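Input: a single structure, listed below in structure tokens.
The values are calculated or read from the model by the stated rules, or taken from the named source; none is laboratory data. Just so you know, these numbers come straight off a predicted model, no measurement behind them. Here Cβ is always computed from backbone atoms with ideal geometry, including for glycine, and neighbour counts include all displayed protein chains. For accessibility, only protein heavy atoms count, side chains too; no ligands or nucleic acids. Shrake-Rupley method; radii C 1.70, N 1.55, O 1.52, S 1.80 Å.
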Amino acid sequence: MPLSRLNEEQLKAATAEYGHNLIIASAGTGKTSTIVARIAYLLKNGVKADEIMLLTFTNKASKEMITRLNKYFDKSITKEILAGTFHSVAYKLLRNKNHNISLKQSSELKSLLKSIYEKRSFAHISDSKPYTASYLYDIYSLFQNKSNNESFEEFFIDNYSEDQVPFIKIYADILKEYEEEKKRFDYVDFNDLLIRLKENLKDEREFSEILVDEYQDTNSLQASLISSFKSKSLFCVGDYDQSIYAFNGADISIIGNFKDKFKDAKIYTLNKNYRSSAQILKLANKVISNNERLYPKKLIVTREGNFKEPALLVYDNLYEQYQNIAQIILHSQVRHEDIAIIFRNNSSADGIELALRELGISAVRKGTWSFFESLEVKAFCAMLSLFINPKDLMAFMHLLEYTKGVGAAFSKELFDNITKLGNENLIKGFLEPDLNIKLEKTKRIDYSLGLFDDLELMQDKQKFELSSEFNEHPILKLSKVDEQVAKVLEQLYLYFKDAKKCKNSYELSQKISSNLFFQKICEMLIYKRSMNKAGQVDYFKKEEASKRLYEKIDMLKNYALQYEKIDMYYNFLNLASSEINSAKGVNLLTVHASKGLEFELVFVVDLAQDRFPNKKIMSNIEEERRLFYVATTRAKDLLYLSYAKRDSKDKKQEYKPSCFLIEAGLCE
């Protein structure tokens, strides 16, 4: 039985009397084993399986717990336990009551809200620009999760910009009609599942016990639903030091006020850590103790052996930091799958990924996009690829898709015709077109393909006044080529002309990054990323997006210095980008993505003040400290903490060590 494997603290919690029980389960103390043992204890003592509800934050977690129980109980019993996320459980219960509901994704319901929104007029209310329908949907969703018996208007006034207050009545009216339309069609989203279930609990059966995992991450709506169920007992497991989802509506006061809300509350603490070395735990505890202690606890080390102290690595600049960490990993005896590099900001991952791939080390990114999946890097690589391999149709099409009015079919037509002018060589077709070749309207063989059917020539006149001799190029005589397309083609012509003069990779990378067409692509991406949910340009976001984009380009140019031969540079980028879907390798993780995981060797990088803690996006220093605690307690045996004194690009900007490094006693 699971109970026989528990330590004294776990056993005490798992066999607690019926009532309101809160189990404070710190990192690595075996909370899953305790929950599984609790359910086993209930079943052994005559509680029927269908009188047990298990609420988790991922379906994966509930499946793992039921799988463990299957080792001790027949599946016919365990399948009767109502287990899953809040939303999946709510959906099951509502469907069991024959509720005719249709669960819709947020993207679908945003379209419904938009159709209502667009019927309203805002112009006469204020000179300010109203929030978009999409942003209004997000605000309403947050209101549903966080509201404590306040109206939407009250919530909005307390949390959003004053210049939006004149629109509040219109917003409220839109949302009223939106709710009416949802009821009319029986549409629900994930929040509605919980709200609808809460409204229909009168006839719901009474549960002997409700178990809640990750209790520190519950929001107001989830907490109110738990309280609305008829239940003889409540068994909540969580750790206030690992509450890191405030941005998503999680309310740490729910776990903090447990003993005040329930007068018969009993608090159990799991203190024995089975994951990390004594040295790692000492550092993590020293930092997290600076946060308010909601409940008393003190982690006890159970692992024996000689482990190294957590090490602080200080570097002159960011590139040096990433490259040195890659070297440490290269010479480490630890399997790459057992290594994690954890960061607070997604921008950190790009430099790390490049440094690893340069040494042939596979990396898997979780919680963030790969460096090579970013659109600016794809565009850069497409420019490079076209020069190295003029037959790369896909690279050409990828670049042309940034031009308004140019679809896949038209870009392929352009590629085929320019290549034809160059006697099967694209670059030659740009730079030295064979004027004897006539671009005639091509009859399509298969009408379903639509090849060149619309290509017609102009009658002996040029359409454009371009700044170079490309103005005379025969491709411009095609009727579908407008001024915008002509300017893009001219920039590709100038790029090829400059690229042919380049002697090494760095010179070529400079030509790519300075090309006006490539810069236009970058400007377009920055603009899109600077839009806030209200549909307005956020100048802070624009500055941040610009900085991050050009950091990526600088990284690409920096690596060009290390590959003098252009074809070698191309091979490095091409091979690295083709490996992004590798299933195994060093784990590159945001702190949020690392939660619940453990690794033999962990690097927590960029621990510079204002980067971690991140002053731009942090809600408060306590939550940032909890993020640091979560990151460091992922490590089992080895922990490296690092930061760079300077940015690689801006040598004047100097970084101070993170306040958490000072609290840990690693810096003065």
Condition first: closer than 26 Å to residue 486 by Cβ and buried (at least 16 other Cβ atoms within 10 Å of the Cβ). Now tell me which residues in the stretch 502-540 satisfy that. 502, 508, 511, 512, 513, 515, 517, 518, 521, 522, 525, 526
Considering residues that are of a type in the set (Gly, Ala, Ser) and assigned to a strand (DSSP E or B), the number found within the stretch 618-668 is 3
Does the stretch 168-181 contain any residue that is modelled with pLDDT under 90 and open to solvent by 50 Å² or more (accessible area, probe 1.4 Å)? no
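Yes/no per residue for (1) farther than 25 Å from residue 200 by Cα; (2) modelled with pLDDT under 85; (3) open to solvent by 70 Å² or more (accessible area, probe 1.4 Å):
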| site | (1), (2), (3) |
| --- | --- |
| 73 | yes, no, no |
| 76 | yes, no, no |
| 98 | no, yes, yes |
| 109 | no, no, no |
| 115 | yes, no, no |
Pick out the one residue from 352, 329 that is among the β-branched types (Val, Ile, Thr), farther than 26 Å from residue 624 by Cα, at pLDDT 90 or above and open to solvent by less than 60 Å² (accessible area, probe 1.4 Å). 329
Requiring at least 1 residues that are touching a Phe, Trp or Tyr at 6+ places or on another chain (Cβ under 7 Å), surrounded by 18 or more Cβ atoms within 10 Å (Cβ to Cβ) and not charged (D, E, K, R), the helices (runs of 4 or more DSSP H) wholly within the stretch 1-71 are 8-14, 31-44
Does the stretch 358-373 include one or more residues that are hydrophobic (A, V, I, L, M, F, W, C), free of Cβ contacts under 8 Å to residues at least 40 places away in the same chain and open to solvent by less than 40 Å² (accessible area, probe 1.4 Å)? no
Using beta carbons and a limit of 7 Å, which pairs, at least six apart or on different chains, have the first residue in the stretch 467-491 and more than 12 Å from residue 431 (Cα to Cα) and in contact (Cβ under 8 Å) with a residue 40 or more places away in the chain and the second one open to solvent by 30 Å² or more (accessible area, probe 1.4 Å) and not in a loop (DSSP other than H, G, I, E, B)? 478/457
Cβ pairs under 7 Å, 6+ apart, first in the stretch 516-535 and without any contact (Cβ under 8 Å) to a residue 60 or more places away in the chain, second open to solvent by 10 Å² or more (accessible area, probe 1.4 Å) and among the small types (Gly, Ala, Ser): 526/545; 526/546; 529/545; 530/545
Taking the stretch 329-354 only, how many residues are part of a loop (DSSP other than H, G, I, E, B) and under 25 Å from residue 245 (Cα atoms)? 2
Out of the residues in the stretch 391-408 that are open to solvent by less than 30 Å² (accessible area, probe 1.4 Å) and part of a loop (DSSP other than H, G, I, E, B), which is modelled with the lowest pLDDT? 406
What pairs can you find where one residue is in the stretch 624-637 and in contact (Cβ under 8 Å) with a residue 24 or more places away in the chain and open to solvent by 10 Å² or more (accessible area, probe 1.4 Å), the other is of a type in the set (D, E, K, R) and not in a helix (DSSP H, G or I), and their Cβ atoms are less than 6 Å apart, with a gap of 6+ or different chains? 636/275; 636/598; 636/600; 637/600
Is it the case, given these coordinates, that residue 77 is in contact (Cβ under 8 Å) with a residue 24 or more places away in the chain and out of contact with any Pro (no Cβ under 9 Å at 6 or more places or on another chain)? yes
